[in-house]
Every structure is written in structure tokens, then in C-alpha cells.
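The structure appears below as C-alpha cells.
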Protein chains: 2
Amino acid sequence: MVMLIRRAGGLVLGKTVTTEFASLEPAGTRNPRNRAHTPGGSSSGSAAAVAAGMLPLALGSQTGGSVIRPAAFCGVAGFKPSYRLLPTVGMKCFSWSLDTVGLFGASVPDVAFAAAAMSGRDLRVDGRPAHAAPVVALVRTPFWQDASAAIQNAVEHAARAAERSGARVKDMELPPIFAEAVRAHRIVQGYEAIRALAYEYDFHRDRMGPVLRAQLDDAATIDADTYDNARRTTRRARRALIDLLPDGEVMLTPSAPGAAPRGLGSTGEPTFNRLWTLLGTPCVNVPGLADADGLPLGVQVVARFGRDRFALSAAAWLESALARSEMLLTPRSVG
Amino acid sequence: MVMLIRRAGGLVLGKTVTTEFASLEPAGTRNPRNRAHTPGGSSSGSAAAVAAGMLPLALGSQTGGSVIRPAAFCGVAGFKPSYRLLPTVGMKCFSWSLDTVGLFGASVPDVAFAAAAMSGRDLRVDGRPAHAAPVVALVRTPFWQDASAAIQNAVEHAARAAERSGARVKDMELPPIFAEAVRAHRIVQGYEAIRALAYEYDFHRDRMGPVLRAQLDDAATIDADTYDNARRTTRRARRALIDLLPDGEVMLTPSAPGAAPRGLGSTGEPTFNRLWTLLGTPCVNVPGLADADGLPLGVQVVARFGRDRFALSAAAWLESALARSEMLLTPRSVG
């Protein structure tokens, strides 16, 4: 990744803080929007540094929700590309089927610019004629009840703003295979992590943080049959998504269960991220909304696998629609 | 991998020689069957060490033909499992879609034993009642004319030996999509290698061997559209193979274009390996045959993706059938 940035003429300034092995163990980074709150994780430092204006762009990686969630909590654009759009070569592996390189920037055109430069693909969405209003499928997911009222309102607000800007908005139910796929994520991640981190676990388990240690202890009980079944569930869910989401439509869904939790004891939950990481779809956190306390609320645009350009373009379109939205102009709050 | 061996109670003795970045640049290792010949590559030292009786088992990796070819040249069993059956974590990446960890052993039950121990899967084929005679599809591949008369004879001989031992043997033609897939292999491998080896190429190109340098110079010209097309071709060929090869059948095909070439200036050609690496299928080199000069001739058993147990079991069955074959008992030569 560092070499691909350099090849594209980029300047690599340094490393930011991540959680332990890019998992859930908080590492002390604070949220620049409110220092009493977590910035999310695992790419905690990347999201915080971009939100604080220290950097225009930062890299991160997502295995559960490690790019989209911190982007949402810090109020910046986050982009988790399709699985393997950007190579993970040289990155410490946690789960080879899930680890995905992602990007943080102030706005959606920024992350699109960086993704285009690093991948050599036509992904830029700046300086182009505005994308035609997309078809937006509002997806509450099987976990809608786990979302705070503020984030539920933010998603509904974004849907209305999209509609006012000319999008066709429809509701989409996810069939039961997707709830099954979310359970498969834990299996796939755990089975692979206990192997990818075999040296660390077998020789230095006592030096791991309690969250990661418990996660790997649990992972050690997963057998090959259970893993193979989880991979079959994944393939079924991928096929189901192709049938469900036509080309030219994006899904709109929460980026996280709410605003950044208070305190630094947790990086929050990847509830609304795991499914898309497992399915390998491009996801964009669209910033612009906030709760009554001024904490950012992220909404997520998800497209079909391989439709990264369309995901970015629809997300940039939604970002503009939110900026035009009257509700934002006065209190800039939907919570 | 090393940790998975240790977890299984294995003893790791050391490292063997590989070619430069596991590509085609010869590294000076000799073939223990005849020291004037190459052992093949890239896993040159692993194949040679097992053939020389220095080690009962050795690891290798295959991106083109780096396990099956040296196993064939050195007259040992080689197993390239289904893509990702064994994790590549910690291995230097050449091509993330192709790099596959493989195994060398004196006989097929040996590699099956090691694969079972490392993967925790039911893959052992020793000490079990003999597998029922499999259905064997003799596949000459689009490159049959590139195979030496000796290897053509070896494959035909193996087919007859299988038939005499009760297998149903049929001919199978590969439709044109498979020739297209072989061309796609070069694209996928090159596009990924020029990124995976970005640091080495951008800063130390002059220190690379001429074969690898030329390979990467060529790879630098591959654009994203060409790569995406090659990946689509790969997916089409994978689906075509599922239609072509019923569950319960294996393909029989050469492991290499002939016996190990004379001299150490080349590790030989992965002509009969690239397709299966790209498709991710399990492949086993079955040893036992030799040419008139006593150089080993390897025949390859290939099964559907994920049918590793069946591939090993059919290969062990064929290994026994070859041992029973009368042609081998007297001159032990088919060339």
C-alpha cells in the first residue's frame, strides 16, 4: 500500500494508532469531535487524524467494521472497497477472507481520489457532472432495533433528503440468509484469526488484551466443518444479494448503531458492518449528519461487489443532497 | 504454516532453497535423481530434499507450477491443495489470487498425512480400506503437443494401469474457455506481482535476476481492465469445470511437459500447472514412473475445488495401481 501511494506520487507521513492486531481492544485514541468519546476502531488513529485535520487522507483496514465505524464516529468519509480492490500485501493478517484495505478522507470525493490513484482505476467522482439521482434502497437490516433513535432518524432523514433531490427511494427487506451470514462472519473471522495469529496466541497469549484473548479463546473451538458451513452460507448470501440488489441501485443503511459511545473502554460495535465485509461489497460512510450533542452520525451507502465507482458516485451524490438538506442548515442535527 | 506444523506436533528442521521470490529464476539446486538436471522450481530445495531422503515432508508454494512440477521432476509426491486450504499467512506474496501452500512427501499417503495434521481435516488416506476404483478422465489439455513422447506415454500408461485395476477411464476434451484461462493466468499473476513486489521492483530492479526482471517489466504494462477481464475469464472457467467434471471423477494429466530438463539454467515450464492453480483445484503429483534414463515422469491427478480428500484418495489409489503395473516391475520405464 505504501508503495502504491508512492507510485501515485503520494507522500507517506507516518503511522497512526490502531487497536491490537486491528481487533476490538481500545488503544487510547480520542475522538476529535469530543475527546470524551471513542473514535471507534480498529483504524482509530486514521479516522481521528483525518477528522482533526492532521492529514487529508489515511489508510485503514476493515475485517469487521474497522473503517466505516470510525469514519462514522469521527464524521469523515470512509471507503471500504470491494474485497481485494486494494492489495493487503505486507499487512498483518487477521482474517484472510475478510481483511480489506480502506480509506479515510474529509469528503467522499477525497477517498475516491485516493482509491483511484492507488488502484489506477477510474474511480474519481470530483469535477464530474453530478451523478444522476440513484435508486436508493433503505435497508434497516436484521439489526435495526439495535440502532439508536438518533441513527434511525439520521438514516430516515438521509432517505428523505435523497428523495427531495430526485432519488427514487424504496424499502428493502433482507431475507433470513443475511442474518445467517452475519453469524457466519464470526465463524470465518475466528477460524482464520486463530491460525493467522498462531504465533502470538501460542507464545504470548498472556500479553494480549482481554478482549482479543477472549475472542481467540472462543475462536479456538471452531472446527473445520463449522468453518466450511460458514463459507457456504457466505456464498449463498453473495448470490442472494445479486438477485436482491439490481445494478444501478445502492443500499442505504446505518454505518454504526449510533454516535460514538462515551468513554474509551470500547471502540463500539461493528453491528452494521460485518455483513458487508463478509459479502465483500463496496461501502462508503457518508458524513454530514450529527446528533443533538453535535456528535457525528454516519449513514452508509453499499453497492454490489465490484461496483466501487457507482458506490462512490452515489455516496458523493448523497453527500451533496445532505448538504442541501434544510434540516441541516439550521440546527445541523437530526438526533 | 510453521506454527500449524508445531501445533500438530511437528518438528521444523529448517529452510530449503527456493527460486527468487518463488518465480522462475533457477537457484542452483540439483536434482538428486541426476545431478546434471534441474529439480524444478520454485520449491526446488523442498522437492530435492524429500527426494534425497533428507526430510520426510517439506512445504512449498505454487503460483504457477512450483509444487507439482518439482515433485514430478524429483519423483516424489506433491500436493497442491485447493486454494486457501492451507493459509499463506507470513509467506512472501507473489500473487494473492494464486499463491497456494503445498506439500512434498515420499508417497501420496505422506502428503495426505501432513495436510490432515496441518489443516485439522479428515484428509488421511493411509491405513484405510482401499478406495473404490475412481472414474478417471484422461485430459490431454490444449498443450498435449508440448508434452514429450515420454510424458505422453507415461500418462497413457497410467490410464491403462488404472483401467487394469478397475477404474473406468474416459477421454475428456477441455473446451476453449480453458485455453483462454491459461492466458488469463499470466495476466492475473503479472498484475498482482508488480504490486506485491512493488518495493523490490521500484528500488532494486537491477538486483533482480533477468528472468524475474523481464517478467515484471512485462507485468508493468497490464492495466486494470485487462486484469478484470482475466478474472472474469477465471470465473467462467471455474463454472465450466464444475459442469465438466462430475463429483466422483478425477482428471489425469501430465504434471510437467517431460522429465527434468538437463542443466541448471531453467527450472522447466509450468505448462501443465498454471490452469489448475488459477482454478484453485486440488492437484497431486503421483510418482512411480520413469523414462529410459531413469528420470522420474510425473502424472497428475486433479479433482474439483474443495474435493481434496477425494483427490488424495484417488491419487493414492493410482499410486498403488502403478506399483502393481507389470510394465514397471521389469524395466521400470515407460519412456
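Before moving on, here are some points about what is shown:
- FRET efficiency, 1/(1 + (r/R0)^6) with R0 35 Å, evaluated for B:ILE5 and A:ILE5 via beta carbons: 0.45
- At 7 Å out from Cα toward Cβ: B:GLN145 inter-copy label distances (nm, ascending): 6.8
- Shortest-first nm distances, A:ARG232 label point to equivalent points in other copies (7 Å, Cα→Cβ): 3.1
- Across q = 0.09, 0.10, 0.12, 0.16 Å⁻¹, chain A modelled as identical point scatterers on its alpha-carbon atoms has Debye log10 I(q)/I(0) values of -0.42, -0.52, -0.77, -1.43, in the order of the q list.
- Solvent-accessible area of B:ASP223, all protein chains in place: 80 Å² (probe radius 1.4 Å, heavy atoms, ligands and nucleic acids excluded).
- Peptide A:4-15 - average C-beta neighbours from other chains (10 Å radius): 1
- Charged neighbours of A:ALA150, selected by a Cβ distance under 12 Å, balance to -3 (K, R count +1; D, E count -1).
- In degrees, nearest ten, helix A:308-324 long axis to first principal axis of chain A (Cα): 50
- What sits nearest the axis between copies B and A, counting only chain B Cβ atoms, is the residue and whole-Å distance B:TRP96, 5.
- Shape of the range A:82-144, Cα gyration tensor, a/c cut at 1.5: oblate
- GNM flexibility winner over chain A from A:VAL89, A:VAL135, A:VAL76 (Cα, springs under 10 Å): A:VAL89
- Separation between Cα centres of the range B:95-125 and the range A:100-157, rounded to whole Å: 42
- With respect to chain B, whose longest principal axis is taken over its alpha-carbon atoms, helix B:210-219 is tilted by about 70°.
- Most simply put, the protein assembly as shown has about 70% antiparallel DSSP beta bridges, counting only bridges with both residues inside it.
- Remark: chain A carries a charge dipole of roughly 680 debye about the Cα centre, counting +1 on each Lys and Arg Cβ and -1 on each Asp and Glu Cβ.
- The per residue volume of the convex hull around the alpha-carbon atoms of the range A:278-321 is 60 Å³.
- Ranking A:GLY65, B:ILE187, A:ASN34 by Cα position along the charge dipole of the protein assembly as shown, where only Lys, Arg, Asp and Glu carry charges on their C-beta atoms, puts A:ASN34 farthest toward the positive end.
- Helix A:224-244 and the longest principal axis of the C-alpha atoms of chain A enclose an angle of approximately 10°.
- Divide the volume of the convex hull around the Cα atoms of the protein assembly as shown by the residue count and you get 148 Å³ per residue.
- Placed amide H near A:LEU289: partners under 5 Å, 5+ positions off or other chain: A:LEU297
- Candidates B:PRO142, B:PRO246, B:PRO70, ranked by Gaussian network fluctuation over chain B, Cα under 10 Å, top entry: B:PRO246
- Using heavy atoms of the protein chains and a probe of 1.4 Å, the accessible area assigned to A:LYS170 is about 60 Å².
- For q = 0.20, 0.28, 0.31 Å⁻¹, Debye-computed log10 I/I(0) when each Cα of the range B:176-224 counts as one equal scatterer: -0.65, -1.02, -1.15
- Label distances, nm, A:ILE5 versus same residue in remaining copies, Cβ-directed 7 Å point: 3.6
- Calculated log₁₀ intensity ratio I(q)/I(0) where the Debye formula runs over C-alpha points of the range A:1-119, q = 0.10, 0.22 Å⁻¹: -0.25, -1.27
- Projecting the Cα positions of A:PHE113, A:ALA52, A:VAL250 onto the charge dipole of chain A (unit charges on Cβ atoms of Lys, Arg, Asp and Glu, taken about the Cα centre) puts A:PHE113 furthest along the positive direction.
- For A:LYS80, the aspartates and glutamates whose Cα falls under 12 Å of its own Cα, not counting residues fewer than eight places away in the same chain, are A:ASP99, A:ASP308.
- At 1.567 mPa s and 4 °C, Stokes diffusion of the range B:7-47 via Kirkwood alpha-carbon radius, µm² per second: 116
- Comparing A:THR19, A:THR88, A:THR100 in a Gaussian network model of chain A where C-alpha atoms under 10 Å apart are linked, the largest mean-square fluctuation is found at A:THR88.
- Start at zero, step by 10 Å, and the Cα-Cα distances of the range B:247-305 spread as 22, 48, 25, 5, 0 percent across the bins.
- Average accessible surface for chain A: 39 Å² per residue, computed with a 1.4 Å probe over protein heavy atoms with every protein chain in place.
- Given +1 at the Cβ of Lys and Arg, -1 at the Cβ of Asp and Glu and no other charges, the dipole of the range B:226-335 around its Cα centre is 520 debye to the nearest 20.
- When both bridge partners sit in chain A, DSSP labels roughly 70% of those beta bridges antiparallel.
- Modelled spin labels at A:ASP126 and B:GLN145, positioned 7 Å past Cα toward Cβ, are 5.4 nm from each other.
- Interatomic Cα distance distribution for the range B:98-189, bins of 10 angstrom, percent: 13, 27, 39, 21, 1
- A/B buried area, accessible surface, summed, 1.4 Å probe, Å²: 2200
- Beta bridges by DSSP in the range A:97-252, antiparallel share as percent, to the nearest 5: 0
- The range B:2-62, dipole about Cα centre (Lys/Arg Cβ +1, Asp/Glu Cβ -1), debye to the nearest 20: 220
The values are calculated or read from the model by the stated rules, or taken from the named source; none is laboratory data. Everything numeric here is computed off the predicted structure, so don't read it as measured data. Here the Cβ is made from the backbone with ideal geometry for all residues, glycine too, and neighbour counts use every protein chain on show. Keep in mind that these areas ignore ligands, DNA and RNA; they rest on the heavy atoms of the full protein, side chains included. Shrake-Rupley method; radii C 1.70, N 1.55, O 1.52, S 1.80 Å.
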